[in-house]
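Single-structure report; data block below.
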Amino acid sequence: MSIEITETELISLYNKAKENFSACIHAEENEFLKEEAGGSLASVTVKESDINIVLSPGIPEKYTLEICLILYSSDKIIGKYIFYEDDKGNSIDDSLILY
């Protein structure tokens, strides 16, 4: 099995992850993140990191993409955001990890 992703598709995946990160940090139910981060996360710099392909055991045509963004504040890494998408392009989860 091979999975081919074009540069355009990579850009699209990173953009989707960035849009979801923005929605995450601006969601009313996530107001507590400001306290955990020591301020607003809206001012952090977001840089593209890696994209991992996680295959489902026994079903090679089913996979999950993990699109990782690294979060910086004043040139210091403060955390990462991971956006999860299934093989059909559906958003399935996300996680925000603050260091």
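Just so it is clear, none of the values below were taken in a lab; they were calculated from the coordinates. Keep in mind that what you see is a predicted model, and the values were worked out from it rather than measured. So basically every Cβ, Gly included, is an ideal-geometry build from the backbone, and we count neighbours across all protein chains shown.
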(message) I need Thr45, Thr8 ordered by Cβ neighbour count within 10 Å, fewest first.
(response) Thr8, Thr45
(message) Take Ile92 and Ser49, extend 7 Å from each Cα along the Cα→Cβ direction, and tell me the distance between the two endpoints in nm.
(response) 2.0
(message) For the chain, what does the relative contact order come out to in percent, with C-alpha contacts under 8 Å and a separation of six or more?
(response) 20
(request) Determine, for Lys76, Lys34, the number of other Cβ atoms within 10 Å of each Cβ, and report the residues in order from fewest to most. (result) Lys76, Lys34
(request) Working from Cα positions, state the angle (0 to 90°, nearest 10) between the long axis of helix 7-26 and the longest principal axis of the chain. (result) 40
(message) Just want the answer: with Cβ charges of +1 for Lys and Arg and -1 for Asp and Glu, which residue in Tyr84, Ser73, Ala23 is farthest toward the dipole's positive end in the stretch 7-98?
(response) Ser73
(request) Cross-chain or 8 or more residues apart, Cα under 13 Å: how many lysine pairs in the chain fit that? Count them up, please. (result) 5
(request) Sum up the charges of everything whose Cβ sits under 13 Å from the Cβ of His26, counting Lys and Arg as +1 and Asp and Glu as -1, but leave His26 out. (result) -2
(message) Please compute the length gained on full extension between Asn30 and Thr6, using 0.36 nm multiplied by the number of residues separating them and subtracting their Cα-Cα distance.
(response) 5.3 nm
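Express the Stokes-Einstein translational diffusion coefficient of the stretch 1-73 in µm² s⁻¹, to the nearest whole number, given a Kirkwood radius over alpha-carbon pairs, 10 °C and a viscosity of 1.306 mPa s. Display every interim value, and only then the final one.
Details: Rh = 14.2 Å.
Taking Rh from Cα pairs, D becomes 112 µm²/s.
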(message) Pick from Tyr72, Tyr14, Tyr81 the residue whose mean-square fluctuation is largest in a GNM of the chain, springs joining Cα atoms under 10 Å.
(response) Tyr72
